Amino acid sequence: MALTCLLVFLAANAQAADEKPSWQIEGKVTQNNGSPIQGASVRLERSGAGPQRITTDADGNFLFIASSKGAYVLRIEKPGFQNQTQSIVVPPKNVGPLVIELIPVKPMVVSGESPEPMQFSDSTDFTVAGITDWTAAGGHGSDVNLRASEALAKETRGLASGSPNEDVRADSPQLSRRRDQLRMMISRDERADLHRQLGDIDEQMNDSLAAVHEYERAVQLDPTEQNYFAWATELLLHRAIQPAAEVFKKGAAAYPHSERMLAGLGTALYASGLYAQGAERLCAASDLDPADVTPYMFLGKMVQASSQALPCTEEKLARFLREHPENGFASYYLAVALWKRLGLADSRVADRVEELLDKSLKINSKFAEAYLQQGIVYAATAQMSSAITAYEKAIEADPNLAEAHFRLAQAYKKLNQPEKAHQEFATYEKIQNTKAAAIEQQRREIQQFVIVYKDKPPISTAHTP
């Protein structure tokens, strides 16, 4: 009897020793009001292994079995909601299931408008009724995102063929004569191309209200891709974000192979605060002509400004690097995208990010942002001496790079060097104040459209969705 019990005990222990340890990763997907979300797609990813996928049940629950320790990434998607990405470590530090909230994707509306889906019929449901100044504008997200939105809007405008020449003064007699000629020509023969050209002249002469109506009339007479794009970019430039998105969407539907139309739509969505949707349109734009740099550059700037990872960006930026290995921005933007998604969740990511940044700096030794990102990685991996060196090189390349001064101050503070930290903080504040004043002035110089919707009173446009 004793011998039999001993054999059973030894066999059980041997079997347990042969079994590999495993851990449960369980959780629940809910709305922000706590109600469960059924049918959400949940994907568990780990570097070097194939992903696991599951769909949440009626109670919003999901369950995975992880067979090895390390860093994992959960990706949760559900139509009608913003995608979520969450990094976890196995074995989990916290006991109990995860609770992941998905935020509904709201339709883009203007402040004061009822939250109804935008209509995309043959005619638009808005009219540009006037102009106002920057003080009437709303804001969305951080100032970093707002500045990125404004920069992308200007660059999108630059994609318009025949866009205004900024070197010509607004009060130039030459512009005035040309405007009179176009008006006379239109009175004899109303053509879409003449209205578009007149819109360009009006914009150069700072008569934005007249310009947007000329562009609109051009589309009414001849809805070509060029006319759609000119109208949409004029709206976007003057902060009529939702109307711009409406026109871009109509244009993209009519011209699905227009790369710049998709890029413009992505920029408008990003400006409205729909960052993931904006990035997805840029990814689609990059697929139309993978060799073209423009969509990747737009996408990279979105990644750089965003506080979190954006969908599809890594895949497209990796292709940017394959297509243009000589472009320093290609490796830099991919490094930023990798770092924002995984950071320290995977020990190999830091090495890969450093490798990409080194490549950028070999191409351009004065690439201040690459040095800055290098310092961020070093600081996160407790290489403070290397971080300080990287921040100093960033400042040497661009003395007005405010974030480099701020992070250098933080590094000095951690190393108990208060005098150096104080000096860098003071420099940071001085640069920030100067930049803020310059940006405020630039914003005030841009006329902002006042939009009237059907059966709605006139309201000024805002950035908030």
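Values for this structure:
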read-out	value
Selection from the stretch 10-47 of residues that are modelled with pLDDT under 70 and surrounded by 14 or more Cβ atoms within 10 Å (Cβ to Cβ)	S47
Subset of the stretch 209-242 [part of a helix (DSSP H, G or I), of a type outside the set (A, V, I, L, M, F, W, C) and farther than 21 Å from M185 by Cα]	E225, Y228, T233, E234, Q242
1 or more residues in contact (Cβ under 8 Å) with a residue 60 or more places away in the chain, crowded, with 18+ Cβ neighbours inside 10 Å and in contact with a Cys (Cβ under 9 Å, 6 or more places away or on another chain): qualifying helices (runs of 4 or more DSSP H) within the stretch 289-351	none
In the stretch 74-125, residue modelled with the lowest pLDDT [restricted to those that are farther than 15 Å from V29 by Cα, over 20 Å from the mean Cα position of the chain (by Cα) and among the β-branched types (V, I, T)]	V110
Number of positions in the stretch 48-78 that are small (G, A, S), surrounded by 14 or more Cβ atoms within 10 Å (Cβ to Cβ) and assigned to a strand (DSSP E or B)	3
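Each row is one residue, and each column tells you yes or no for (1) modelled with pLDDT under 95; (2) out of contact with any Gly (no Cβ under 8 Å at 6 or more places or on another chain).
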| site | (1), (2) |
| --- | --- |
| G375 | no, yes |
| A397 | no, yes |
| K414 | yes, yes |
| Q442 | yes, yes |
| V450 | yes, no |
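The values are calculated or read from the model by the stated rules, or taken from the named source; none is laboratory data. These numbers were taken from a predicted model, which means no experiment stands behind them. Here the Cβ is made from the backbone with ideal geometry for all residues, glycine too, and neighbour counts use every protein chain on show.
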